[in-house]
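The values are calculated or read from the model by the stated rules, or taken from the named source; none is laboratory data. Note that the structure is predicted; figures quoted are calculated from it, not measured. Cβ atoms come from the backbone with ideal geometry, glycine included; neighbour counts cover every protein chain shown. With ligands, DNA and RNA removed, areas are computed over all heavy atoms of the protein, side chains included. Shrake-Rupley method; radii C 1.70, N 1.55, O 1.52, S 1.80 Å.
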Amino acid sequence: MFTATDLPTDNKPRFYAELTAQARALLTDETDRIANAANFAALAYQALPAINWAGFYFYNGEELVLGPFQGKPACVRIALNRGVCGAAASQRRTQVVADVHAFPGHIACDAASRSEVVVPLVLNGELLGVWDVDSPEPGRFDDEDRQGMEALCAVFLESLGQR
């Protein structure tokens, strides 16, 4: 049985290293995408300070469709040319947005969200979707968060290839 432990929040690199280790332990030996996405979202939501939404949007070949998440109900479908999630998916590059209200085409699923980080999920060259985290604090995410979120997402993607 997996048990999450409290993480240090005074040092972001250490925080993300320990959260990544917990994610790896949680997802080891399970390959189901939905089960792993649900547990991953729950773990991240409980561990990450000052956030109000964390979850997945999966690419269905045409658009991003809501997957497992933690937070208030969210937009169900996002076009690849809309919002922060669409930008991350279409550009296949992590988006760190200090002020979502200044981002052209931002989709406001939760009016309390002020900043956002979105990591594209690419496995074997194919877009699977995005990992999206919102915060009610402006400027909540920085480059250390980007690196940490990308490392976390690598663990999720690795879990899909386990056998």
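Okay, here's what the table says:
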quantity: Flag if residue 71 is crowded, with 19+ Cβ neighbours inside 10 Å and either out of contact with any Phe, Trp or Tyr (no Cβ under 8 Å at 6 or more places or on another chain) or more than 24 Å from residue 139 (Cβ to Cβ) (or both); calculated: no
quantity: From 29, 10, residue being surrounded by fewer than 18 Cβ atoms within 10 Å (Cβ to Cβ), of a type in the set (Asp, Glu) and on the phi < 0 side of the Ramachandran plot; calculated: 10
quantity: Matching residues in the range 127-158 - criterion: being of a type in the set (A, V, I, L, M), within 17 Å of residue 46 (Cα to Cα) and part of a helix (DSSP H, G or I); calculated: 149, 152
quantity: Residue within the range 49-57 that is of a type in the set (Val, Ile, Thr), at pLDDT 95 or above, under 20 Å from residue 126 (Cα atoms) and open to solvent by 10 Å² or more (accessible area, probe 1.4 Å) present; calculated: no
quantity: Hey, residue 11 at pLDDT below 95, within 20 Å of residue 106 (Cβ to Cβ) and not basic (Lys, Arg) or not; calculated: no
quantity: Subset of the range 89-115 (residues that are within 20 Å of residue 79 (Cβ to Cβ), at pLDDT 95 or above and open to solvent by 10 Å² or more (accessible area, probe 1.4 Å)); calculated: 90, 91, 92, 93, 94, 95, 97
quantity: Pairs with Cβ under 6 Å, 6+ apart, first in the range 130-159 and in contact (Cβ under 8 Å) with a residue 60 or more places away in the chain, second exposed (fewer than 15 other Cβ atoms within 10 Å of the Cβ); calculated: 135/50; 136/112; 137/50; 140/50
quantity: Qualifying residue in the range 24-36 (condition: over 20 Å from residue 151 (Cβ atoms), assigned to a helix (DSSP H, G or I) and in contact with a Pro (Cβ under 9 Å, 6 or more places away or on another chain)); calculated: yes
quantity: Residue 62 vs. criteria acidic (Asp, Glu), in a loop (DSSP other than H, G, I, E, B), modelled with pLDDT of 95 or more and at negative phi; calculated: yes
quantity: Odd one out for residue 62, checked against (1) surrounded by fewer than 17 Cβ atoms within 10 Å (Cβ to Cβ); (2) touching a residue at least 24 places away in the same chain (Cβ under 8 Å); (3) out of contact with any helix residue (DSSP H, G or I) (no Cβ under 6 Å at 6 or more places or on another chain); calculated: (2)
